[in-house]
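The structure appears below as structure tokens.
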Amino acid sequence: MGCVSKTKNENASTEENEMVDYFADNGFGNAVAIVQHPSGVYHKGITYVAYQGTKEDPYVVSYNHETKEWKGPFKAGVSEMGKDPNRKKKIDNHGKPALLIDDAGYIHVAFGGHGGTPKDGKNPLGNHHYGKNLHAVSKKPLDISAWETLDNISIFGTYSQFIKMNNGDVYLFYRHGAHRSDWVYQKSTDNGVTFEEPVSFLKHKRRTDLEAEDSWYPWITKGDNDELLVVFDYHLCSDVTKKTKGLGHIAKRYNVYFMVFNTRNNKWKNVKGESIAIPVTREEADAKALVANTPNNWTFQGVVDLDPDGNPHIGMTIGKEIKGSRRSAPKTMHHFKWNGTEWIHSINAGLPKGNGDFNVKSAKELSFYLESKTQEDVGEISRWDSFDGGKTFKKNTVFLSRKHSGFVISSLIDNPHPDARIIVGEKEEGSDFRKMYLLGDNGPIKRSKKETQILNKKR
């Protein structure tokens, strides 16, 4: 009997101490994405991560790289979305959290919005759809265990993107409503306690030649000094008419654009330094900000970075348009770079079909971090390196792979530790929940299996 009892205890101890390569099991839907960013920040030895969890609420977890200690996840707020069992589209996915740490050490998340609803009042800069854009702040500096939600940003936002400047100013960029809305920013000079009124920088506008409106999808990040870099594509938002009713709204996106925002003097310019008037219309964008036309091809989710010479590099996924369909063919990552005179487009550079982010180390050396699938139906998160300025890429490292599965991927963590560069959710067939991973140069950071099992705990 003694031997049997010991074996059971040993088994229990083994299960108690089992380590797994994910940090939580309650990622929900598309738990992270490139557009809502950053999803993670490395600060004073700790990586802080935000993701969409159960019922589309925002969750935050942290990892101490010295002590190897995980904390959380803690629920940072309550989303207006994800709670209605009668809603046809059960998971909206537009309110994933973006995360920022201000100069006083308080942690901020913006989450929960897809344009607001008519009951919230008139949207002065666009139309409505669902949810409310909300802003939550940690109650104590660098403490993710307790949060409060503030009423100081527009509830009509979606696709939140946070940026903190070197002087501590905080910018929150987002679309001010559903598809037919301006893109705006709100600025805070007091660590997010208050925000100035929204400023439109991309304009939605009715087409006169088509049954459609102009719309946009930008991605904003820091450049040199006080400048912000903006890569964006154009969304032809067609009316739902008798011609399109069977398809509904179609996610038609075209072209690649780039511009720069100097936050010191509030001036906008193109890559040549020419002034751009805001809010930018389609005509202004075509005349001054165009990187590439993509006729008969759809674009999706651009990213941008500078090389040490100050020249921008752009990544944009592009796929062939399928006429009469809501979707394009699978999109492949394309690379564009400014050589000081013109934009160079690398064609057939060897990159796979998939989405991701990148960093540029020099004019010649750059790396894409991508989610993709192999011909054997293996989902991968991998790094693809170029040493010839983006002309060709080769797969260097596979950080994570799963058979018959796929992944959603975040943008690169802000100021990343080498062991924690990107956040990933694993799509498992038959479930809306995702295992969440924190990946770096050495693969996933492991955690006790018991600590990762959030779904069976009350939180």
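The values are calculated or read from the model by the stated rules, or taken from the named source; none is laboratory data. Bear in mind that the values here come from a model prediction, so they are computed numbers and not experimental data. Methodologically, a virtual Cβ is constructed for each residue, glycine included, from the backbone with ideal geometry; neighbour enumeration extends over all protein chains shown. Accessible surface is based on the protein model in full, side chains and every heavy atom, while ligands, DNA and RNA are left aside. Shrake-Rupley method; radii C 1.70, N 1.55, O 1.52, S 1.80 Å.
Here the condition is being at pLDDT 95 or above, over 19 Å from I318 (Cβ atoms) and open to solvent by 20 Å² or more (accessible area, probe 1.4 Å); of K288, K243, it holds for K288 alone. Screening the stretch 301-312 for residues that are surrounded by fewer than 24 Cβ atoms within 10 Å (Cβ to Cβ) and not hydrophobic (A, V, I, L, M, F, W, C) and picking the one that is nearest to the chain's Cα centre (by Cα) gives Q301.
Residues are listed down the side, and each one gets a yes or a no for (1) in a loop (DSSP other than H, G, I, E, B); (2) at pLDDT 95 or above:
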| position | (1), (2) |
| --- | --- |
| T47 | no, yes |
| Y59 | no, yes |
| K83 | yes, no |
| A104 | yes, yes |
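Among the residues of the stretch 25-37, is any part of a loop (DSSP other than H, G, I, E, B), open to solvent by less than 20 Å² (accessible area, probe 1.4 Å), touching a Ser or Thr at 6+ places or on another chain (Cβ under 7 Å) and over 24 Å from Y369 (Cα atoms)? No, the stretch 25-37 contains no residue that is part of a loop (DSSP other than H, G, I, E, B), open to solvent by less than 20 Å² (accessible area, probe 1.4 Å), touching a Ser or Thr at 6+ places or on another chain (Cβ under 7 Å) and over 24 Å from Y369 (Cα atoms). Restricting K364, K323 to those that are more than 25 Å from the chain's Cα centre (by Cα), closer than 22 Å to D307 by Cα and among the charged types (D, E, K, R) reduces the list to K364. Taking the stretch 373-459 and the strands (runs of 3 or more DSSP E) fully enclosed by it, the elements with 3 or more residues that are more than 18 Å from the chain's Cα centre (by Cα) are at 378-386, 394-403.
Just one of the listed residues (I423, I445) is within 24 Å of G77 (Cβ to Cβ) and hydrophobic (A, V, I, L, M, F, W, C), namely I423. Considered as a group, the residues in the stretch 380-401 that are among the hydrophobic types (A, V, I, L, M, F, W, C) and touching a Ser or Thr at 6+ places or on another chain (Cβ under 6 Å) include one that is surrounded by the most Cβ atoms within 10 Å (Cβ to Cβ), and that residue is F393.
Just one residue in the set S386, S410 is in contact (Cβ under 8 Å) with a residue 24 or more places away in the chain, in contact with a strand residue (DSSP E or B) (Cβ under 7 Å, 6 or more places away or on another chain), within 24 Å of V41 (Cβ to Cβ) and among the polar types (S, T, N, Q); that residue is S410. Of all the criteria given as (1) open to solvent by 50 Å² or more (accessible area, probe 1.4 Å); (2) closer than 18 Å to I220 by Cβ, the one not satisfied by T149 is (2). Consider the stretch 403-421 and keep the residues that are surrounded by fewer than 20 Cβ atoms within 10 Å (Cβ to Cβ) and at pLDDT 95 or above. The one that is nearest to M165 (Cα to Cα) is N415.
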